[in-house]
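Chemist: The structure's right below; bear with me while I get my questions together.
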Amino acid sequence: MRRCNGFYEPAPLRRNFQTDKACAVKLLSVLTVAACLLLAPCVSHASYALSKTTEEAVYGIARNSLPETGTRAETLAAFIKAAPPAVIIQVIQALPEADRVSAALEILALRGAIAATNILEFQHIFSKCPIADAVLLRAIQYEEDVSGIAFALSQGETRVVGKSIVLNAKIVDKYTGISKRHVDVLPTLERIEAGTLPAHSNDGWKIFYNMEKKLPVKPSGYYREYRHLTEGIAGRPGPQRIVTGKNGEKYYTGDHYDTFISLN
């Protein structure tokens with residue numbers, strides 16, 4: 001402060017332009033994030049028009065329960081958004097196998113589970129997966145993140161879908177070497193549940209002793225092992241197994257007990 005006529009008056013404020021600029025940038029960033037959060041619901045639930053094939057499949061399932069008000073497209077969209085996963089699966093399974101992946105992605109977009117702008121990219125990714133329709137149906141059944149599944153497929157990452165499909169499973173066989181495959185173990189899990197055992201000495205009857213302690217340590221007799229058939233291998237068990245625990249635990253191994261993946 002400087003003295004003037006016996007009084008002190010404040011010195012002129014000095015502006016720190018660098019600080020002001022940083023504050024302005026920070027404020028702009030905060031406002032941008034806030035705008036994205038406010039607009040996100042509008043974007044994710046934007047209207048998406050079904051293809052004619054998918055629309056007909058939905059109508060075939062839903063025609064007796066559709067309200068009489070609104071256009072057919074509007075009532076079908078409302079039905080899809082409200083329908084439980086089991087009904088959505090029924091709709092997709094009513095389509096020819098060649099149309100199921102596209103229909104599943106369209107329906108997921110309409111339900112807000114994926115962005116409509118990702119449909120073409122996801123179609124390309126899933127087209128390379130030989131069991132894509134099973135993967136998507138299982139994902140819908142368990143309401144899993146389809147975007148995460150698509151990412152795993154595109155990056156070659158191992159991921160379990162629907163507690164029964166192992167994407168990019170590493171299969172190690174001492175005779176045929178190492179390979180990566182998408183493995184659907186549902187038939188084996190259903191066989192275990194039904195108590196149907198093939199004629200093989202170590203299938204279901206054999207206790208898995210967990211001697212290397214790669215699974216949680218339990219009393220002897222807690223785990224049992226089951227063979228999962230490996231495509232291209234006949235006349236011997238192959239490396240794939242399902243190991244179950246007495247409390248419902250289920251594990252998959254594609255390298256004959258070297259590593260385990262939980263299916264629970």
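Chemist: Quick one: which residues, 5+ away or cross-chain, put their amide H under 5 Å from the amide H of THR259? H built at 1.01 Å from N.
Modeler: GLY254
Chemist: Pairs of Cα atoms under 8 Å, at least six residues apart: use those to get the relative contact order of the range 183-262, whole percent.
Modeler: 20
Chemist: How many nm is it between the label spots at ASP145 and VAL87, if each spot is 7 Å from the Cα in line with the beta carbon?
Modeler: Computed distance between label sites ASP145 and VAL87 equals 2.8 nm.
Chemist: Along the Cα-to-Cβ line of PHE260, 7 Å from the Cα, sits a label point; which residues in the range 222-240 have backbone N less than 13 Å from it?
Modeler: 222-226
Chemist: Calculate the dipole size of the range 136-264 relative to its Cα centre from +1 charges on Lys and Arg beta carbons and -1 charges on Asp and Glu beta carbons; express the result in debye to the nearest 20.
Modeler: 400
Chemist: Please provide three numbers in whole Å: the alpha-carbon extents of the range 183-262 along the principal axes, with the largest listed first.
Modeler: Rounded to whole Å, the extents work out to 33, 26, 22 Å.
Chemist: Measure off 7 Å from each Cα along the Cα-to-Cβ vector at TYR59 and LYS206, then give the distance between these two points in nanometres to one decimal.
Modeler: The answer from the label model is 5.6 nm.
Chemist: Further question: Please list, or write none, the aspartates and glutamates whose alpha carbon is within less than 14 Å of the alpha carbon of LYS246, excluding same-chain residues fewer than 8 places away.
Modeler: Correct list for LYS246: GLU193, GLU225.
Chemist: A further question follows. Which entries in LYS81/LYS250; LYS128/LYS214; LYS163/LYS214 show an alpha-carbon gap greater than 26 Å?
Modeler: Violating the 26 Å Cα-Cα cut-off are LYS81/LYS250; LYS128/LYS214.
Each reported figure results from applying straightforward, stated rules to the coordinates on display, with no laboratory input. Only a predicted model underlies this, so the values are computations on that prediction, with no experimental measurement involved. Note: ideal-geometry Cβ built from the backbone for every residue, glycine included; neighbour counts use all protein chains shown.
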